[in-house]
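Asks: Following this message is one structure expressed as structure tokens.
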Amino acid sequence: MFVCICRAVTVDEVHEHCDAGAYTVDDISDRCGAGEGCGTCLEKLDSILSERLATATNAA
């Protein structure tokens, strides 16, 4: 599923960038361009990051 239509970035790609060290929306944007077009995906990117943080916190 696409997160960013403007840059054709998928959810899986976002997770790959997070796994590689992207910890903020800006980090993801720097790596793949998501969020640099219309900005509609910014909320979804933030949501993905929040879910990952919550999961990591609960696992620790």
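The values are calculated or read from the model by the stated rules, or taken from the named source; none is laboratory data. Just so we're clear, the structure is a prediction, and the values are computed from it rather than from any experiment. Protein only, heavy atoms only, side chains kept; ligands, DNA and RNA dropped before computing areas. Shrake-Rupley method; radii C 1.70, N 1.55, O 1.52, S 1.80 Å.
Asks: With every protein chain left in place and a probe of 1.4 Å, what is the accessible surface of Ile48, to the nearest 10 Å²?
Replies: 10 Å²
Asks: Helix-derived [θ] at 222 nm for the chain: sum -39500 (n - 2.57) over DSSP H runs of at least 4, divide by residue count, nearest 500?
Replies: About -18000 deg cm²/dmol.
Asks: Can you pull the percent of the chain's accessible area that's carbon plus sulfur, 1.4 Å probe, other chains left in place?
Replies: Carbon and sulfur atoms account for 51 percent of the accessible area of the chain.
Asks: Determine by what factor the alpha-carbon radius of gyration of the chain differs from 2.2 N^0.38 Å, reporting the quotient.
Replies: Expressed relative to 2.2 N^0.38 Å, the Cα Rg reads 1.05.
Asks: Under a 5 Å amide H to amide H cut-off, with H placed in plane at 1.01 Å, what residues pair with Val9 once short-range neighbours are removed?
Replies: Val3, Cys4
Asks: Which whole-number value in Å² is the accessible area per residue of the chain, probe 1.4 Å?
Replies: With all protein chains present, the chain gives 65 Å² per residue.
Asks: Using the Karplus curve 6.51 cos²θ - 1.76 cosθ + 1.60 with θ = phi - 60°, work out ³J(HN,Hα) for each residue of segment 34-43 in order, rounded to whole Hz, and write x for Gly and Pro.
Replies: Each residue of segment 34-43 in turn: 4, x, 8, x, 6, x, 4, 7, 4, 5 Hz.
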